[in-house]
Protein chains: 2
Amino acid sequence: MADIVANETRDKPRSAVGREGVLNVAARLFRDHGYGGVSLRKIAGAAGIKAGSIYYHFGSKDEIVAAILDEGILAVHENMRRAIEEQPANAGAEALLRAAIGAHLRALLDVSDYSSANVRIFGQVPQSVRDANLPTRRAYEAEWDNLLSRLLDAGALKAGLDIRRLRLMLIGALNATLEWFDPDRGSADALAQTYADVFLHGILAQQET
Amino acid sequence: MADIVANETRDKPRSAVGREGVLNVAARLFRDHGYGGVSLRKIAGAAGIKAGSIYYHFGSKDEIVAAILDEGILAVHENMRRAIEEQPANAGAEALLRAAIGAHLRALLDVSDYSSANVRIFGQVPQSVRDANLPTRRAYEAEWDNLLSRLLDAGALKAGLDIRRLRLMLIGALNATLEWFDPDRGSADALAQTYADVFLHGILAQQET
DNA sequence: TAACATAACTAACATACGTTAGGCATGGCG
DNA sequence: CGCCATGCCTAACGTATGTTAGTTATGTTA
């Protein structure tokens, strides 16, 4: 107690941009302009520092990108896991899937620049960077596979569905939204509802005849 | 016998790569490595010529990319339009949609390097190149909107569906396949069947109670 | 054979990029 | 006060890129 309690700005010299500032700016730039469209000089400029200074915080451009990719997956994963946990214990398959779809889509469109940057640039970065991101990615995929498998085993999903393929289709479809979503045409929540409607029940009018 | 009858390679000097050869090679490279990952020197090298020679056929790198983007849309469009036309006049909504989905997916995964290159790099090219591709793109989108509208008006689709949004979701989902499709795990045709099953009827087991 | 267009080549340019080395200011701590 | 780590700056490097200008080889045509 003798020592002064560390205050909230303990290790943040007032005017410093810092590692986190660089990452935040870089994530937004990568999301907006892709991997090849963003140079270290542009990142530095947007952050209010000079290009060389970035090397105080990072060893290379790829190290920045790798950090953003990892953080991006962690953010969606966290968002999705919490959404599932918050569901009541007796929640049905429909409610669980709606929660997961909504969480993933909101992470991309509303919550995290890192998540949207990940989706945007993953296919553009060098192989080594992709590989570095794979473990984090696999963990998130496993979370989905786990959810889908439980629902399949419980008989809530159509029998015979391939879990892996279904997960790829689902996440791929949701991620693609990033390329055309326009908040002026409707909220991310509303869009998530539509996705859930389509994926859970299909688009054909029920014609039992 | 005086003159040799013009043979099938009439205007193709034997060793010439030509504009088309450059485009073919470039489309494949762009599809595999993205826009930023492919330089003119790499295109030239893969085509068997030198970088400067490309400027005999094209005025700039962007001109190559623009040509590939347009040709890519034309190829899917053609493929999809023919698939619809080949359906019998009394074909139902399900058959028409299955045909369209299959045609789009096969164009991407089996038929055309140009189409897959388009999907892969559209989000990475300069704004001006994107803009140049927009008219061609809009025509293809209109083809889909036309199909979906007819089915909606006929009562075959769930009432209240937004055509534009539905088209974006559908094409987006199909295009995303390009990032994970592996021919060793199943054919494009089989995958198209699965997409159709999911989109038309959903993934939930029918539980009327 | 002479003339010509086609399709390529060589060599160089300016620019932008990732990266490095060394220097300068600030603020906490002994 | 003096020390030292933190966080940034300046200046330059080598390399890769898109692009240009001038040249050469080849096949067709008159």
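The values are calculated or read from the model by the stated rules, or taken from the named source; none is laboratory data. None of the values given here were measured: they were computed from a predicted structure. For neighbour counting, all protein chains shown are included, and Cβ atoms are generated from backbone atoms with ideal geometry for every residue, glycine included. SASA here: full protein model, heavy atoms, side chains in, ligands and nucleic acids out. Shrake-Rupley method; radii C 1.70, N 1.55, O 1.52, S 1.80 Å.
Structure values in brief
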| read-out | value |
| --- | --- |
| Size of charge dipole - the protein assembly as shown - debye, nearest 20, with Cβ of Lys, Arg +1 and Asp, Glu -1, no other charges | 1260 debye |
| Modelled FRET efficiency - R0 45 Å, residue B:87 with residue A:89, Cβ distances, 0.05 increments | 0.40 |
| Percent accessible area from carbon and sulfur atoms, chain A, protein chains only, probe 1.4 Å | 50 percent |
| Chain B: calculated mean residue ellipticity at 222 nm from DSSP helix runs of at least 4, using -39500 (n - 2.57) | -20500 deg cm²/dmol |
| For region B:65-201, alpha-carbon Rg and Dmax in angstrom | 14.8, 44 |
| Protection-proxy order for peptides B:94-107, B:130-143, each taking the mean of Cβ atoms within 10 Å per residue, highest first | B:94-107, B:130-143 |
| Chain A: angle of helix A:18-33 to the longest principal axis, Cα-based, in degrees nearest 10 | 50 degrees |
| Sites residue B:190 and residue A:164, calculated FRET efficiency, Cβ-Cβ separation with R0 22 Å, nearest 0.05 | 0.95 |
| Protein heavy-atom accessible area occluded, A/B pair - total, 1.4 Å probe, Å² | 3500 Å² |
| Average accessible surface area per residue within the protein assembly as shown, 1.4 Å rolling probe, Å² | 52 Å² |
| Closest approach to the A/B rotation axis among chain A Cβ atoms, residue and whole-Å value | A:36, 1 |
